[in-house]
Amino acid sequence: MVWGKEMDQLFQSTSLGPLTLKNRIVRSATNEHLSEPDGQVTRAWADALIELAAHEVGLVISGHFCVDASQRADEGQPVLDEKTDREILRCAADGVHQYGSKVGTRQRCSGKTSGGLFTFGTGPTG
């Protein structure tokens, strides 16, 4: 495969705001469906993020965390609240960082207080 110079930039360090990333490979927020039925994060969730970093993803953005357990989109959506196991969060962060990658979360409310529906191409409605 022949790569142009533009593709070489994919593997170069870059800055994103205050973050310095080891490369430009980003895993966008995706619901891993690896939480407990009550929404608490699991070691499997942390391991999934760590595995992405081990395979050279420079910025790992975890699936969308709900900030209100009563407003989850589905049973697989994790909750970030006072019950969240901070040790598992730390394990995920430390594991991702050991590969020189960065990690973050997408946080949102999926329920009736989410601000309406979004239909592609039309903007927020409802």
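Among the residues of the stretch 77-91, write down those that are farther than 15 Å from Thr105 by Cβ and either assigned to a loop (DSSP other than H, G, I, E, B) or among the aromatic types (Phe, Trp, Tyr) (or both).
As a first pass, look at the stretch 77-91 and keep what is farther than 15 Å from Thr105 by Cβ: 82-83, 87.
Listed by number, the residues that qualify are Glu82, Lys83.
Within the stretch 39-67, how many residues are part of a loop (DSSP other than H, G, I, E, B) and loosely packed, with under 15 Cβ neighbours inside 10 Å? Residues that pass the stated criteria total 3.
Taken over the stretch 1-35, residues that are under 30 Å from Glu75 (Cβ atoms), part of a strand (DSSP E or B) and among the aliphatic types (A, V, I, L, M) amount to 1. When Ala73 is tested against (1) surrounded by 13 or more Cβ atoms within 10 Å (Cβ to Cβ); (2) closer than 28 Å to Gly17 by Cα; (3) at pLDDT below 85, exactly one condition is not met: (2).
Within the stretch 92-123, the set of residues being modelled with pLDDT under 95, aromatic (Phe, Trp, Tyr) and in a loop (DSSP other than H, G, I, E, B) comprises just one member, Phe120. Any chance the stretch 22-41 includes a residue that's of a type in the set (Lys, Arg) and touching a residue at least 60 places away in the same chain (Cβ under 8 Å)? Within the stretch 22-41, one or more residues are of a type in the set (Lys, Arg) and touching a residue at least 60 places away in the same chain (Cβ under 8 Å). Checking every residue in the stretch 11-28 against the condition of being buried (at least 17 other Cβ atoms within 10 Å of the Cβ) and closer than 14 Å to Thr105 by Cβ gives at least one match.
The values are calculated or read from the model by the stated rules, or taken from the named source; none is laboratory data. Worth saying up front: this structure is predicted, and the values here are computed from it rather than measured. Neighbour counts run over all protein chains shown; Cβ positions are idealised from the backbone, glycine included.
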